[in-house]
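Structure first, commentary second.
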């Protein structure tokens, strides 16, 4: 028995779709519409039809607005039949179509393809549909493989396959030659040199922005842009291709599949320096992952693992438990060089009580300076506030650059007007979410344009040449890479993101307020550590700190994730190690 919301006579949903290639051949939209209306009237005995039309969308997947609207109405029992010109108008993907077809069967809706002359109300029609769809998918996969093989072959021969022209270079498509833009090349060299000096992407990024060095577009640098330059072998003269599984995926292929054409163009930096940079990045990445709560299943959480580095040899310092579980079991941090080789670096170990008390009180003093900025009129005034408390009685002075950066930072209008608490944080998250949504929509549109272009090249060899395809693809890929960079900056985890100055203040202040510490002049780290879950402490420090340098068992430098960095000069020399 039919329910009231089901049509009692045949009612047909007509779906038509064309991609760019089909807009220039006989299967045009007007012709599809008219012939399907005629077919419905003659063969399905009804003129009760609704046309759903997606123009310029690929059949690779079902992410199409009118298709989704049609399926929504079918699920509400609005139609008895779904009529298409060809089955590949619905989808060229077998899994997508199989899922849709099973849903149609469950809903009692008949699928009819006009051009293949079958409908699924018969067993033969259903079998033929499945066979044809298998070959449709096979054709797509084979042509995609052909294009991929062509691109890999071109890259193996040193031919450029398109994409954004790397910063520091220009490209002449007529001669296929890359040339150095010297002004940009100076920045590339500066980025590599400063990273070797700082070992912090955040500090490099802040250095560029504080010194008013713009990107190619004239914007501020971000940590993702710096990271891409540091990791790219293009700057030592090599062209690398076939790294990612597809043009729109962040997943990488096995290294054995990568194509690297050495000495492809004039280098900006030496191969030796690039190899040193990549080793530092790899070491830091391994340390961060191994030390992260997400990269380890160890029950014991070492709060500062992955954040503390040896001031003597530069390697990470690893934590091990000390003390009794019945009282307070804290962590001791020793240099990996000493732990692994028992020789070489003689850096003295440090521990949670020393690092934690020093760091949390320095952050508390930074927030105090922010609250009382109207009474701070000079760098000595600021230093006095920052070194308030017993923990800092042995500190003689802070580096002038760090003080000046913080002084300018705290006097900026944005920081002076920032609101503490959840309201400000929620407002910022809401703004970020809206911006992220818009960027993702623009990326989907760019992906669709790339898909239409690829279909044009794959399915109509006379419509577009290989040279034109690569040229157009390059422009679209540049748009996608720009959007990926902006999306990555908004969506990056705290382990890889350079937080802005407002977020830095908010994260620090919200933690202090949440722990009811904002009214205190001094924080005893043991009391804090025994009253707060170590995971919460770890997340807090990871969220705002990029690195802590330990020399002779004492904190000699703190680098924050917004790029601020402070060197601490002690009054007395540390005991011999």
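The values are calculated or read from the model by the stated rules, or taken from the named source; none is laboratory data. Since this is a predicted model, take the numbers as computed values, not measurements. Ideal geometry is used to build each Cβ from the backbone, glycine not excepted, and the neighbour counts take in all protein chains shown.
Points worth noting:
- Hey, residue 365 in the same structural domain as residue 394 (by TED's automatic domain parsing), surrounded by 17 or more Cβ atoms within 10 Å (Cβ to Cβ), in a helix (DSSP H, G or I) and at pLDDT 85 or above or not: yes
- Of all positions in region 514-532, at least one carries a residue that is part of a helix (DSSP H, G or I) and either touching a strand residue (DSSP E or B) at 6+ places or on another chain (Cβ under 6 Å) or at pLDDT below 80 (or both).
- Residue check, residue 67 within 31 Å of the chain's Cα centre (by Cα), buried (at least 17 other Cβ atoms within 10 Å of the Cβ) and either free of Cβ contacts under 8 Å to residues at least 60 places away in the same chain or not assigned by TED's automatic domain parsing to the domain that holds residue 113 (or both): yes
Yes/no per residue for (1) outside any helix (DSSP H, G or I); (2) out of contact with any helix residue (DSSP H, G or I) (no Cβ under 8 Å at 6 or more places or on another chain); (3) crowded, with 17+ Cβ neighbours inside 10 Å:
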| residue | (1), (2), (3) |
| --- | --- |
| 192 | no, no, yes |
| 204 | no, no, yes |
| 214 | yes, yes, no |
| 219 | yes, yes, no |
| 227 | no, no, yes |
| 240 | yes, no, no |
| 279 | no, yes, no |
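- Any chance residue 114 is touching a helix residue (DSSP H, G or I) at 6+ places or on another chain (Cβ under 6 Å), within 16 Å of residue 84 (Cβ to Cβ), surrounded by 14 or more Cβ atoms within 10 Å (Cβ to Cβ) and at pLDDT 70 or above: yes
- Filter pass, residue 541 being under 20 Å from residue 387 (Cα atoms), at pLDDT 85 or above and under 21 Å from the mean Cα position of the chain (by Cα): no
- Selection over region 521-537 of residues that are over 15 Å from residue 329 (Cα atoms) and buried (at least 16 other Cβ atoms within 10 Å of the Cβ) gives a count of 1.
- Pairs are defined by a Cβ separation below 8 Å, a sequence spacing of at least 6 or placement on different chains, a first member in region 325-345 that is part of a loop (DSSP other than H, G, I, E, B), and a second member that is modelled with pLDDT of 65 or more and crowded, with 18+ Cβ neighbours inside 10 Å; the pairs so defined are 328/529; 344/337; 345/310; 345/312; 345/315; 345/335; 345/337.
- Any hit, region 400-409, residues being crowded, with 18+ Cβ neighbours inside 10 Å, outside any helix (DSSP H, G or I) and either touching a helix residue (DSSP H, G or I) at 6+ places or on another chain (Cβ under 9 Å) or at pLDDT 65 or above (or both): no
- Check on residue 217, more than 29 Å from residue 539 (Cβ to Cβ) and modelled with pLDDT of 90 or more: no
- Check on residue 294, within 23 Å of residue 539 (Cα to Cα), in a loop (DSSP other than H, G, I, E, B) and modelled with pLDDT under 90: yes
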